[in-house]
Each structure stands twice: as C-alpha cells, then as structure tokens.
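The next block holds one structure in the form of structure tokens; read it before the comments.
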Amino acid sequence: MLKKEFLKDNKTCKVTFTIDHGPAAEAEVVSLVGDFNDWDPSADPMKRSKEGRFSKSVKLDCGDRYQFRYVIDGTVWENDAEADDYVPTPFGSDNSVVDVPAK
C-alpha cells in the first residue's frame, strides 16, 4: 500500500510504503528497495507495527516515477499489490512503480 503526502515545498513527497500480505505476513525482516536507494536492502529496513504490517516512509522528488520492491527475509522479492504501475525487468519479473506527480 502506498500513502503520499506532499510537503509544503511542493517539490517533495513523503511516500509511506506498507506491506502485510503474502510472504511478508510471516516475515522476520522486510526491506524497501528501489531506484531511489540503489536497490540496497540495507538502506531502508522497514519497521513492523503491532498489527504485523511493515512500513517505511521515504521522501521522494515530485515529478518522477520510481521503481521499487520489497525484500523479505533477505531472499524473497515481492511487489506491492497496490502499486501505481508495474514495469517488466530484464530478469523476467516486474517491478512495482510509484508515481509522484509534480504538484
């Protein structure tokens, strides 16, 4: 799930990424990876809520699209079921996309 909150500068958007479905429901660790953090699983670890959801907020520049996925327990790559779009990868799978429009 994606939640977008445009900041007062009108150039930045705080996007909160949340996952609780599929393999994430039983996960120990989930990381947010994407082209905004060089696909580095150690860059944006997600926090688990009391309800079992993993979430992470990231500030992204407006007027762009960002590809991302979730890495679950270091081995499973999962898409967001409610992403704005999906794009194919050279690895035979898709990446999730979050659109951050210019405000």
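The values are calculated or read from the model by the stated rules, or taken from the named source; none is laboratory data. Since the model is a prediction, treat every value here as computed from it, not as a measurement. Quick reminder, even Gly has a Cβ in these numbers, built from the backbone with ideal geometry, and neighbours come from all protein chains shown. Surface accessibility is based on the protein's heavy atoms, side chains included, excluding ligands, DNA and RNA. Shrake-Rupley method; radii C 1.70, N 1.55, O 1.52, S 1.80 Å.
Things to note:
- Contacts under 6 angstrom Cβ, first residue in segment 8-21 being at pLDDT 95 or above and aromatic (Phe, Trp, Tyr), partner surrounded by fewer than 16 Cβ atoms within 10 Å (Cβ to Cβ) and in a loop (DSSP other than H, G, I, E, B), 6 or more apart: none
- Those residues of segment 16-60 which are among the polar types (S, T, N, Q) and not in a strand (DSSP E or B), in sequence order: Asn37, Ser42, Ser49
- Members of segment 61-103 found to be outside any strand (DSSP E or B), of a type in the set (Asp, Glu) and open to solvent by 60 Å² or more (accessible area, probe 1.4 Å), listed by number: Asp73, Glu82, Asp84
- Among the residues of segment 40-60, those identified as free of Cβ contacts under 8 Å to residues at least 40 places away in the same chain and open to solvent by less than 80 Å² (accessible area, probe 1.4 Å) are Asp40, Pro41, Ala43, Asp44, Pro45, Met46, Ser49, Gly52, Phe54, Ser55.
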